[in-house]
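Enquirer: Take a look at the following structure, please.
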Number of protein chains: 2
Amino acid sequence: MAGVRAEQRERTRAVLLEVSRRLFASRGYAAVGLAELVQAAGVTKGALYHHFEGGKVDLFRAVLTGVHEKVGAVVAAAAEAETDPWDQLLAGCRAFLVAATDPAVRRIMLVDGPAVLGWSEWRAMDEAQSASHLAEALAMLVAAGVIAAQPVAPLARLLSGAMNEAALWLAETDDPNALDDVTSALFRMLGALR
Amino acid sequence: MAGVRAEQRERTRAVLLEVSRRLFASRGYAAVGLAELVQAAGVTKGALYHHFEGGKVDLFRAVLTGVHEKVGAVVAAAAEAETDPWDQLLAGCRAFLVAATDPAVRRIMLVDGPAVLGWSEWRAMDEAQSASHLAEALAMLVAAGVIAAQPVAPLARLLSGAMNEAALWLAETDDPNALDDVTSALFRMLGALR
DNA sequence: AATTTGACATACCGTTGGTATGTACACGCT
DNA sequence: AGCGTGTACATACCAACGGTATGTCAAATT
């Protein structure tokens, strides 16, 4: 089985995603032309539009989805490595900050994402991949009485925004202690909620 | 004096800024063409490039600067209306959240800004207009012993990011209590630092 | 009055994202 | 095995876009 047809299809789609991810990450969505992109991928525009009906933004959406999923998986894995709910929260937050060191995450997910797809669509993707985990963890901590009873949705949004900004800041600075500084500041804020 | 020459110059520049601010706010930077823009402003591309050497991004930069300054002024005014440093912080934060209800602020400053100008330049503008005030207020509170001694720079970044995200969320929701919910969540976080 | 300078308008250009058409080949069917 | 069909692209093309070079006319300067 497998089919040489479907196999080829998957290959071109994969290389298209991989190449565009690299280019978008290094120079930003707007600065990358389709001509350059398809040439780097070794295909033509015909192939691109065959795989991504919506053209450039559709391709970007697919790339962003991949980035989002990867980040979500890393964060979830870090959290699940801990047993105590509070430690899970801290581990997840820290893993996110580390993951956002990757330029692809920074530029594609945090900078271009909202501008290209619009904030609401970006928000929906973020919600599906990582924000939901955060809200979940917070809800569990509230239920366990670890942090004060309060609506978790707004709190999750605030924390998510704080971490996004922190991640961008981390990527730009050359201070080697920056990660620790931000992490401890974040943990101090979280700890204050107990 | 005044000069009919300089007066005319100021007029066209002003209408160009005003019109582009409106268009960028309603449909986003990428979706607005220069042709449409200059037609709506009643001038030609020649005029635009005469006033904004860098073309479209330069025009956007000028618009964004205006938005940033306005927000900064509103926030500063709200803070100065209070006397107690802690109340100043809360008032400033609340004023920011309210100010970001304006679609121009949301779309131009929070969504398109970082993508069009790059995050570092956006960050510099933000720092100059509002983030510096926040860091200042926090430093004062630390010095006064109201909140625990800690590096204020990372804390200010986290809070700034949290508020930016909260502002975007506020603008999108139709829940009338959203502003109060977010504000109280933010104040709870801030209060936990005391 | 003559000349220069500033504030635009007009005309044009290269590039871009997007599309319509062409083509070769794997695959199901008889 | 042969044949038609649909898939997976490649090629050629287009309209629109941001940007620029040049022209024009009135205000300022001398």
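The values are calculated or read from the model by the stated rules, or taken from the named source; none is laboratory data. These figures come from a predicted structure and were not determined experimentally. Backbone-built Cβ (ideal geometry, glycine too); neighbour counts: all protein chains shown. We work out accessible area using only protein heavy atoms, side chains counted, and drop any ligands, DNA or RNA first. Shrake-Rupley method; radii C 1.70, N 1.55, O 1.52, S 1.80 Å.
Enquirer: Taking the Cα atoms only, what angle lies between the long axis of helix B:132-143 and the longest principal axis of chain B, rounded to 10 degrees?
Expert: Long axis of B:132-143 versus the principal axis of chain B: about 10 degrees.
Enquirer: Let me have the 222 nm mean residue ellipticity of chain A computed from DSSP H runs of 4+ only, each contributing -39500 (n - 2.57), with the sum over all residues rounded to the nearest 500.
Expert: Numbers: 10 runs with 139 residues, N = 194.
So the calculated ellipticity at 222 nm is -23000 deg cm²/dmol.
Enquirer: For a Förster distance of 35 Å, can you work out the FRET efficiency between the beta-carbons of B:Thr173 and A:Arg22, rounded to the nearest 0.05?
Expert: Taking R0 as 35 Å, the efficiency between B:Thr173 and A:Arg22 is 0.45.
Enquirer: Let me ask something else. According to a simple spin-label model (label point 7 Å from Cα along Cα-to-Cβ), what is the distance in nm between A:Glu69 and B:Val98?
Expert: 4.5
Enquirer: Turning to a different aspect of this structure: Tell me the relative contact order for the range B:61-166 as a rounded percent, counting alpha carbon contacts under 8 Å between residues six or more apart.
Expert: This gives 29 percent for the range B:61-166.
Enquirer: Taking the Cα centre of chain B as origin and charging only Cβ (+1 Lys, Arg; -1 Asp, Glu), how large is the dipole, in debye to the nearest 20? Working shown, then result.
Expert: Details: 18 positive and 23 negative charges, 138 e Å.
The calculation lands at about 660 debye.
Enquirer: Relative contact order, percent, of chain B when contacts are C-alpha pairs under 8 Å separated by at least 6 residues?
Expert: It comes to 20 percent, rounded to a whole number.
Enquirer: For the protein assembly as shown, what does the alpha-carbon gyration tensor say about shape, rounded, prolate or oblate, given a ≥ b ≥ c as the root eigenvalues, a/c under 1.5 as rounded, and a/b over b/c as prolate?
Expert: oblate
Enquirer: In nm, give the distance between the simple-model label positions of B:Glu7 and A:Ala14, each being 7 Å from the Cα along the Cα-to-Cβ direction.
Expert: Here the answer is 7.0 nm between the modelled labels.
Enquirer: Also, I was wondering about something else. Work through the residues other than B:Leu23 whose Cβ is under 11 Å from its Cβ and net out their charges, Lys, Arg +1 and Asp, Glu -1. Kindly include the intermediate steps, with their values, before the conclusion.
Expert: Values: positive: B:Arg21, B:Arg22, B:Arg27, B:Arg107; negative: B:Glu18, B:Glu36.
Around B:Leu23, the charge tally is +2.
Enquirer: Roll a 1.4 Å probe over the protein chains and send me the accessible area per residue for chain B in Å².
Expert: For chain B, the solvent-accessible area averages 45 Å² per residue.
Enquirer: Could you compute the net charge surrounding B:Ala81? Neighbours are other residues with a C-beta less than 15 Å from the C-beta of B:Ala81; K and R count +1, D and E count -1.
Expert: Working: positive: B:Arg94; negative: B:Glu80, B:Glu82, B:Asp84, B:Asp87.
Residues close to B:Ala81 contribute a combined charge of -3.
Enquirer: Here's something else I'd like to know. Can you check what the net charge comes to around B:Phe52, using other residues whose Cβ is under 12 Å from the Cβ of B:Phe52 (Lys, Arg +1; Asp, Glu -1)?
Expert: Local charge sum for B:Phe52: +2.
Enquirer: Going Cα to Cα from A:Lys45, which lysines come in below 20 Å? Please leave out same-chain ones fewer than 8 positions away.
Expert: Within the straight-line limit of under 20 Å, A:Lys45 reaches these lysines: A:Lys56.
Enquirer: If you filter the range B:19-86 for GluC sites (Glu not before Pro), then keep DSSP loop positions with at most 10 other Cβ within 10 Å, what is left?
Expert: Answer by residue number: B:Glu53.
Enquirer: Distance in nm between label sites at A:Ser120 and A:Ala149, each 7 Å beyond Cα in the beta-carbon direction?
Expert: 3.4
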